[in-house]
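K.L.:
Encoded as structure tokens, here's the structure I'll be asking about.
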């Protein structure tokens, strides 16, 4: 999983281990959150870093392995909604 590579690369010892996968995760998170920023009233993750969002996503997917068969945008949305709900 690309975001697992991003989490690994956060430690200095693992820098450069899988730059392509790190870039894939960063690009996906950047694009996904840019789309959410337009008036989202369900997910409020604007203050979270991409590294934190990657950790939230990976942890959520590990806790909900059945979602690994679903499109990744569904798992990411549910993970972010769970971790960063908007105030009602």
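K.L.:
Residues of segment 34-71 being under 14 Å from residue 86 (Cα atoms) and in contact with a helix residue (DSSP H, G or I) (Cβ under 7 Å, 6 or more places away or on another chain), which ones?
P.N.:
Answer for segment 34-71, where residues must be under 14 Å from residue 86 (Cα atoms) and in contact with a helix residue (DSSP H, G or I) (Cβ under 7 Å, 6 or more places away or on another chain): 42, 43, 45, 46.
K.L.:
Give me the residue from segment 69-88 that is at pLDDT 90 or above and more than 17 Å from residue 35 (Cα to Cα) and, out of that set, surrounded by the most Cβ atoms within 10 Å (Cβ to Cβ).
P.N.:
The qualifying residue surrounded by the most Cβ atoms within 10 Å (Cβ to Cβ) is 83.
K.L.:
So, one more: With the condition being at pLDDT below 80, I'd like the helices (runs of 4 or more DSSP H) fully within segment 2-68 carrying at least 1 qualifying residues.
P.N.:
2-9, 19-37
The values are calculated or read from the model by the stated rules, or taken from the named source; none is laboratory data. Since the structure is predicted, the reported quantities are computational estimates derived from the model, not experimental observations. Positions of Cβ are backbone-derived with ideal geometry, glycine not excepted, and every protein chain shown enters the neighbour counts.
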